[in-house]
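Scroll down for the structure; my scribbles are underneath it.
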Amino acid sequence: MESSSSSSGLERLPFNNTVLKKLPVDESERGGSRTVRGACFSRLGSLQPLLRPRLVSVSAAALRLLGVSAPEVLLDPAGPELLGGCRLLPGSQPAAHCYSGHQFGLFAGQLGDGAAMYLGEVEHTQGRWEMQLKGAGVTPYSRDGDGRKVLRSSIREFLCSEAMAALGIPSTRAASLVTSDLYVNRDPLNSGHRTLERCSVVLRLAPSFIRFGSFEIFLGRDGSSGLEGPSAGRHDIRAQLLDYVVETFYPHIQQAHGSRRKSRNGVFFREVMMRTAKLVAQWQCVGFCHGVLNTDNMSILGLTLDYGPFGFMDRFDPDFVCNASDKRRRYSYQAQPSVCRWNLARLAEALGSELDAGAAAAVLEDFTPTYEDFYLGIMRKKLGLVQKEEAADGELVSDLLRVMHITGADFTNTFQLLSCVGWPEEGDGERAAAGPVVALILQQCASIEELKNIGKQAYQDNIELAMILSMAESDPVMCGVAAEQPALARQLELIRRMKEIVETDEDPLKEKLRDDWLRWVCKYRRRLGRESDGTGDLSLLKRERLRVMNSNNPRVVLRNYIAQNAIRAAESGDFSEVNRVLKALENPYADPETFCGLDTCGEQKPKESEVTVDYSAKPPAWARTICIT
């Protein structure tokens with residue numbers, strides 16, 4: 001279809017819908033939910049228009065990936081209808097992707113794009129981008145759903161997709177946000193109270209939205225759930241899908257291995273493992289929790305995929321859970337690496353005979369050390385350890401996180417403040433030099449009242465551990481047994497510290513917490529001192545340390561309360577806060593020449609102008625009451 005010379009940038013997009021040519025497509029276009037067998041995609045029939053669609057925000061950076069500018073999209077009269085799924089973009093071919101998945105550990109059978117409409121792929125100088133409208137209406141995979149997304153969840157996905165990209169973390173992208181006067185009933189808190197919410201649509205971009213679950217449609221009957229994939233046993237289609245993924249997105253592997261299929265597939269699986277390990281390490285290092293790490297939410301390209309009940313930690317807590325529906329804490333912050341490994345094992349099972357079993361097992365064995373290497377590498381950068389790698393650096397990081405947990409320190413802001421720690425100078429008093437920074441860090445920690453409440457809750461939530469601790473304290477044999485199990489010993493030590501916090505009076509507790517931080521900062525300064533071998537230019541090393549720290553410790557992340565403020569304003573018709581937050585998230589890292597109000601020697605310095613001061617401040621108390629499901 002030719003477009004006229006007056007058509008907009010959106011209507012001139014050069015679609016090349018390779019995936020629909022390479023993979024089996026269900027052509028029926030029959031409406032309603034159904035089981036789709038023998039196909040990876042389903043054609044979608046007539047569009048399901050929104051009522052009075054309005055384009056309320058765009059990401060200029062994401063639109064540039066398509067070769068389109070933000071002004072021409074914002075000024076395009078057809079923009080709201082084209083980006084809201086009301087009118088078809090010339091050259092696009094609406095479809096929905098069929099996939100399965102393990103949800104909360106159990107195989108769930110057919111899932112698929114229940115609220116997303118694939119439009120096609122656009123080739124541009126910056127790559128190949130699949131376009132997808134999320135919230136565009138019912139598909140064959142909607143089950144009992146209406147295929148719609150509401151303003152609340154759409155804002156969160158729109159903002160977080162772009163926030164992650166700006167942080168340098170691989171992610172699907174979000175180019176536009178359209179809302180409307182079409183309403184649907186929702187129960188946002190799973191409380192039984194339903195309310196009307198506006199239907200909204202996000203334009204998502206990615207090189208591909210294929211996920212681990214895409215390969216699970218070929219799985220046979222599951223012993224636990226009794227369900228099977230809709231294309232169970234269709235190994236011919238599984239081979240087609242695998243060939244498409246490797247040839248299109250891992251061409252270097254295809255070229256290197258050619259007709260040696262098992263060898264090629266083993267290297268592919270290792271590459272997916274590496275990307276997944278690096279991705280989860282990056283999440284951990286910014287305090288990001290995905291919330292629903294089911295296999296259908298794991299990208300085959302190592303992208304952050306599907307932003308539902310995500311959350312960036314405010315106060316550091318390894319047991320942090322951002323999804324209020326996750327009662328068993330399966331997807332807690334500290335569980336994310338092991339869950340990703342578990343999901344990789346499910347991918348290996350789904351690939352079945354395409355993989356050599358021994359090679360796949362070896363790849364899975366390498367996941368944890370690979371993750372740990374990525375994680376420690378990033379953490380060294382966050383601490384400004386740019387010159388040397390020491391065996392004890394992992395312990396330095398662990399000690400920092402332990403003190404952060406015990407003192408209820410804000411994760412993001414504490415790492416920001418570490419760039420204020422001055423380089424050790426000969427003859428300076430360790431504790432005196434550390435004092436000003438520690439005072440700033442303590443301002444980012446929980447209050448004594450909050451800590452006592454946290455301690456009581458932790459003690460109640462871990463009553464079995466508390467009983468083991470009580471026995472260990474009075475029984476040398478039990479104490480020895482606990483000491484021989486490092487993981488248990490660490491948990492018991494944490495419970496002991498929580499008990500100590502609850503039982504200690506306020507003034508001694510304040511002094512104890514201050515002492516914990518002084519001890520760690522002094523240890524950190526000694527480690528900084530070993531960065532220099534005495535032969536190089538120390539001033540250059542100091543500048544490089546600050547540059548690296550300020551490039552790896554974000555000043556602003558999309559905290560839940562920031563998103564909630566933007567949502568509240570938007571639900572009343574004011575989208576200015578959404579756009580202000582987007583602008584702040586596009587530049588999350590501090591200027592390397594400014595930091596924290598202290599210089600590197602710990603002296604007070606005047607604050608620079610802070611455009612994002614509202615978004616980098618310690619969260620308000622009400623932020624702890626936000627519930628995301």
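The values are calculated or read from the model by the stated rules, or taken from the named source; none is laboratory data. These figures come from a predicted structure and were not determined experimentally. Positions of Cβ are backbone-derived with ideal geometry, glycine not excepted, and every protein chain shown enters the neighbour counts. For accessibility, only protein heavy atoms count, side chains too; no ligands or nucleic acids. Shrake-Rupley method; radii C 1.70, N 1.55, O 1.52, S 1.80 Å.
Key figures for this structure:
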quantity: Single residue of the range 209-242 satisfying the filter (among the charged types (D, E, K, R) and in contact (Cβ under 8 Å) with a residue 40 or more places away in the chain) that is nearest to ARG270 (Cα to Cα); calculated: ARG211
quantity: Residues of the range 310-342 that turn out to be β-branched (Val, Ile, Thr) and closer than 23 Å to ASN413 by Cα, as a count; calculated: 1
quantity: Some residue of the range 293-302 being in contact with a Leu (Cβ under 6 Å, 6 or more places away or on another chain) and within 26 Å of ARG380 (Cβ to Cβ); calculated: yes
quantity: Check on GLY145, open to solvent by 10 Å² or more (accessible area, probe 1.4 Å), not in a helix (DSSP H, G or I) and not polar (S, T, N, Q); calculated: yes
quantity: Some residue of the range 474-483 being under 39 Å from the mean Cα position of the chain (by Cα), within 30 Å of LEU518 (Cβ to Cβ), open to solvent by 50 Å² or more (accessible area, probe 1.4 Å) and modelled with pLDDT of 70 or more; calculated: no
quantity: Residue ranges of strands (runs of 3 or more DSSP E) in the range 81-130 with at least 2 members of a type in the set (Asp, Glu); calculated: 116-124
quantity: Within the range 327-349, tally of residues that are under 26 Å from GLU228 (Cβ atoms), open to solvent by 10 Å² or more (accessible area, probe 1.4 Å) and part of a loop (DSSP other than H, G, I, E, B); calculated: 2
quantity: Scan of the range 261-300 for residues that are farther than 30 Å from GLN564 by Cα and open to solvent by 10 Å² or more (accessible area, probe 1.4 Å), ordered by number; calculated: ARG261, LYS262, SER263, GLY266, VAL267, ARG270, GLU271, MET274, ARG275
quantity: So GLY352, is it loosely packed, with under 15 Cβ neighbours inside 10 Å, part of a helix (DSSP H, G or I) and either at pLDDT 95 or above or under 23 Å from the mean Cα position of the chain (by Cα) (or both); calculated: no
quantity: Subset of the range 381-426 that is among the small types (Gly, Ala, Ser) and surrounded by fewer than 21 Cβ atoms within 10 Å (Cβ to Cβ) - its residue that is farthest from ASP317 (Cα to Cα); calculated: GLY422
quantity: Cβ-Cβ under 8 Å pairs, at least 6 apart or on other chains, the range 52-76 side on the phi > 0 side of the Ramachandran plot and buried (at least 16 other Cβ atoms within 10 Å of the Cβ), far side modelled with pLDDT of 95 or more and not charged (D, E, K, R); calculated: GLY67/LEU13; GLY67/VAL122
quantity: Hits in the range 305-323 (condition: open to solvent by 30 Å² or more (accessible area, probe 1.4 Å), within 22 Å of PRO620 (Cβ to Cβ) and of a type outside the set (Phe, Trp, Tyr)); calculated: ASP314, ARG315, ASP317, VAL321
quantity: Residues within the range 243-294 that are more than 30 Å from THR412 (Cβ to Cβ), in contact (Cβ under 8 Å) with a residue 12 or more places away in the chain and basic (Lys, Arg), tallied; calculated: 4
quantity: Matching entry among GLU503, GLU586 (being acidic (Asp, Glu) and modelled with pLDDT of 95 or more); calculated: GLU586
quantity: When residues of the range 355-372 are limited to those that are surrounded by 14 or more Cβ atoms within 10 Å (Cβ to Cβ) and within 20 Å of the chain's Cα centre (by Cα), the one nearest to LYS278 (Cα to Cα); calculated: TYR371
